[in-house]
Structures are given as C-alpha cells and as structure tokens.
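Notes to accompany the following structure.
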Amino acid sequence: PIPAKTTAFARRRIAGRFNAWLFRDRGPESTPIVLTQRRVFVLPTRPGLVFGAVLAAMLIGAINYQLSLGFALTFLLAGLGHSAILHTFRNLAQLEIEAGAAAAVFCGDPARFTLRLINRRGNARYALKLRTGSALTTIDRIDAEGSSNAELVLPTQWRGWLRLARVTLETRYPLGLIRAWSYLQPDMSILVWPRPEPDPPPLPLGH
C-alpha cells in the first residue's frame with residue numbers, strides 16, 4: 001500500500017497545480033497590473049444563494065397558484081439579481097494596481113506595503129477590500145479617473161527580505177449578493193534589518 005504521507009503530498013501537489021492553473025498564479029508580477037476580464041472571478045455569496053432559493057420558491061408558488069403578480073415580482077427580483085452580477089463585476093474589472101512605497105524596517109516592527117489603485121473609467125468604484133495573510137484593508141471609494149492608496153501591514157519576525165505574498169482584491173458592491181475577486185502579487189519586497197540592542201555596551205576606546 002502507498003504510505004499516507006506520500007498520498008497527502010501527491011494530493012497537495014495536484015491541488016496546488018490545479019489552483020495555479022485555475023487562478024493563474026503567475027508568482028511575483030511587475031507593475032502596473034491591470035485586472036482584465038480573465039482575472040476577475042464571480043460567485044454568489046451566502047446571501048446570494050439564499051436569494052436564489054427564495055426566487056425559486058416564489059416561482060414555484062406563482063406557477064402552482066397562477067399568480068400574475070407573483071410572476072411579475074419574481075422576474076423583477078431576478079432581473080435585479082442579474083443586474084447585480086454585472087455591476088459587481090464592473091466594479092473590479094479594468095482596475096489598475098501599481099506598487100507604492102515599501103520602506104525598510106527593524107525586525108519586530110510592522111512592514112507596510114503601499115499599493116496604488118488607479119481607476120481609468122468614468123465611473124467611481126466602491127467598497128474594495130484587499131487581504132493577504134493577517135493584513136486587511138478597505139477602500140470605500142475611488143473617484144472616476146482617480147486613484148487611492150491601500151496599505152497592507154504585515155508583522156516581521158525574521159530579518160532579511162520580506163516579499164509581499166499573493167493579495168486578494170475583492171468587492172461585493174452593490175447588493176452583497178455577488179462576490180467578485182481577483183488575485184495579484186506585485187513584485188514588492190521590504191528589507192527587515194536586525195533590531196539594535198536596546199542597552200548596548202559602550203564602544204571600545206580608540207586613539
């Protein structure tokens with residue numbers, strides 16, 4: 001029989017390759033990064049699934065009881081949900097991300113990665129969320145043909161180069177029924193210096 005550790009390793013490797021193919025994990029990317037249509041993924045949220053189930057129940061009830069107003073309300077809400085898919089997708093598509101400041105820090109101090117989000121369209125973007133590891137930040141609004149900075153704060157435990165991991169950029173605007181998200185990994189690193197000793201001994205006397 002195949003050892004359990006070997007089977008688990010093979011499964012993780014296959015899952016990693018599948019995720020890299022499905023979500024197009026390219027590793028560190030040079031900026032600017034443009035979120036084209038192929039990079040934006042859309043799925044219903046939990047409230048969206050409940051909304052779809054309620055619509056199905058309403059449609060069944062309208063068919064059974066032959067309610068004209070029931071049909072009208074059901075199709076009106078279905079059209080609203082369909083419109084939400086489009087608006088949620090457009091709120092994220094064609095957004096441009098550039099690398100910002102990434103100053104060196106001492107070990108133990110938080111590392112701050114700054115990303116600049118640029119909106120080239122003539123309509124504003126709303127309710128954007130960026131997440132990587134334990135870092136989470138939100139942007140309430142990006143004006144039409146404007147930009148906004150997002151800062152991701154990560155803890156530092158080891159000295160050396162700290163590379164920014166893959167960032168998830170998502171939105172649920174406008175109704176919260178649909179979640180659109182994209183993965184990006186700007187080629188950004190911060191140098192973590194060794195922390196100086198708080199009470200060092202005096203330097204040796206010289207000439």
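Number of residues in the range 91-112 that are in contact with a strand residue (DSSP E or B) (Cβ under 6 Å, 6 or more places away or on another chain) and farther than 22 Å from Arg39 by Cα: the value is 9. With respect to the conditions (1) free of Cβ contacts under 8 Å to residues at least 40 places away in the same chain; (2) within 16 Å of the chain's Cα centre (by Cα), Leu203 falls short on a single one, namely (2). Residues that are over 30 Å from Cys107 (Cα atoms) and open to solvent by 30 Å² or more (accessible area, probe 1.4 Å) within the range 129-147 comprise Asp140, Arg141, Asp143, Ala144, Glu145, Ser147, listed in sequence order.
When the range 148-164 is examined, which residues are found to be open to solvent by 60 Å² or more (accessible area, probe 1.4 Å) and either part of a loop (DSSP other than H, G, I, E, B) or not basic (Lys, Arg) (or both)? Passing the criteria: Asn149, Glu151, Pro155, Gln157, Trp158, Arg159, Trp161.
Note on the range 12-35: among residues that are open to solvent by 60 Å² or more (accessible area, probe 1.4 Å) and at pLDDT 75 or above, the one that is farthest from Ile97 (Cα to Cα) is Pro28. The set of residues in the range 30-73 being in a helix (DSSP H, G or I), in contact with a Gly (Cβ under 9 Å, 6 or more places away or on another chain) and free of Cβ contacts under 8 Å to residues at least 60 places away in the same chain consists of Gly52, Leu55, Met58, Leu59, Gly61, Ala62, Ile63, Gly70. Among the conditions (1) touching a Gly at 6+ places or on another chain (Cβ under 8 Å); (2) touching a residue at least 40 places away in the same chain (Cβ under 8 Å); (3) within 22 Å of Arg39 (Cα to Cα), the only one that Thr88 does not satisfy is (1). Taking the conditions exactly as written (crowded, with 16+ Cβ neighbours inside 10 Å, closer than 26 Å to Leu49 by Cβ and touching a residue at least 12 places away in the same chain (Cβ under 8 Å)), does Ile178 satisfy them or not? Against the criterion (crowded, with 16+ Cβ neighbours inside 10 Å, closer than 26 Å to Leu49 by Cβ and touching a residue at least 12 places away in the same chain (Cβ under 8 Å)), Ile178 qualifies.
The values are calculated or read from the model by the stated rules, or taken from the named source; none is laboratory data. Just so it is clear, the model here is predicted, and its values are computed rather than measured. Cβ sites come from the backbone with ideal geometry, for glycine too, and all protein chains shown count toward neighbours. These area figures cover heavy atoms from the full protein model, side chains too; ligands, DNA and RNA do not enter into them. Shrake-Rupley method; radii C 1.70, N 1.55, O 1.52, S 1.80 Å.
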